[in-house]
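One structure is given here, and the rest of the page talks about it.
The values are calculated or read from the model by the stated rules, or taken from the named source; none is laboratory data. This is a predicted model, so every value here is computed, not measured. All Cβ positions, even for glycine, are placed from backbone atoms using ideal geometry, and neighbour counts span all protein chains on display.
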């Protein structure tokens, strides 16, 4: 299997003149220690403990640690430090640690786009009850959702916000239960929004930037150059509504 549990011998030692309960003889007992580990694509990910057995050198009877005599148990406790787990058993955990550190370093050095804060501010302005006077476009989108939304979702929990800026319009909708909707069915939400926007005379010829948020993340996006229906939709594609990214001043 490409994944699962394996065990490799990591140490062994002999106990001299030890009675064997199987053959009733007095002989040496060889204690072997195996290190168990989880592997993925045959690469050790992390250790899973040890397996200890003893074999009589005379009759070759093998017994597990739980059946050790007092003498065998004492010998194992005295010598178990000799069986050291190789570093390769920790390879997977080490690799994960390196990846986490790399992500932290990369994230710390990535310059934050100031347009992200502008989008966050606008998303915080979404409301469940837009009015015709305060936001006529959102008001009409809400009416459409109230009439057309399936029974499994409660449109009273939806939130809306619209902003018109020069030759662009930003339309934001939050649907908390969107993550429970099948991918193909989610497109209906975008269809409703586009339909309402197309009927607005004051939006004719304007570039449309539409984002539909689920419980925590934006899942539906449509811009003049990008369309997405995914839990990993690229939110930064909405940033162009606010114009080009400001250039960083060199120190």
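Before moving on, here are some points about what is shown:
- Any hit, region 78-88, residues being in contact (Cβ under 8 Å) with a residue 24 or more places away in the chain, surrounded by 12 or more Cβ atoms within 10 Å (Cβ to Cβ), out of contact with any strand residue (DSSP E or B) (no Cβ under 7 Å at 6 or more places or on another chain) and assigned to a loop (DSSP other than H, G, I, E, B): no
- Of all residues in region 129-160, those that are touching a helix residue (DSSP H, G or I) at 6+ places or on another chain (Cβ under 8 Å), within 14 Å of residue 218 (Cα to Cα) and outside any loop (DSSP other than H, G, I, E, B) total 1.
- Hits in region 180-199 - residues which are assigned to a helix (DSSP H, G or I) and out of contact with any helix residue (DSSP H, G or I) (no Cβ under 9 Å at 6 or more places or on another chain): 180, 183, 184, 185, 187, 190, 191, 194, 198
- Subset of region 3-41 that is under 19 Å from residue 86 (Cα atoms) and loosely packed, with under 15 Cβ neighbours inside 10 Å - its residue that is modelled with the lowest pLDDT: 41
- Tally, over region 95-128, of residues that are modelled with pLDDT of 80 or more and outside any loop (DSSP other than H, G, I, E, B): 19
- Test for residue 168: is it within 22 Å of residue 129 (Cβ to Cβ), surrounded by 16 or more Cβ atoms within 10 Å (Cβ to Cβ) and at pLDDT 90 or above: no
- Residue check, residue 178 surrounded by 15 or more Cβ atoms within 10 Å (Cβ to Cβ) and modelled with pLDDT of 95 or more: no
- Residue selection: residue 125 satisfies the criterion of being touching a residue at least 24 places away in the same chain (Cβ under 8 Å), touching a strand residue (DSSP E or B) at 6+ places or on another chain (Cβ under 6 Å) and closer than 30 Å to residue 234 by Cα.
For (1) out of contact with any strand residue (DSSP E or B) (no Cβ under 7 Å at 6 or more places or on another chain); (2) surrounded by fewer than 19 Cβ atoms within 10 Å (Cβ to Cβ); (3) more than 20 Å from residue 163 (Cβ to Cβ); (4) outside the structural domain of residue 144 (by TED's automatic domain parsing), each residue gets a yes or a no:
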| site | (1), (2), (3), (4) |
| --- | --- |
| 189 | no, no, no, no |
| 196 | yes, no, no, no |
| 212 | no, no, no, no |
| 215 | yes, yes, yes, no |
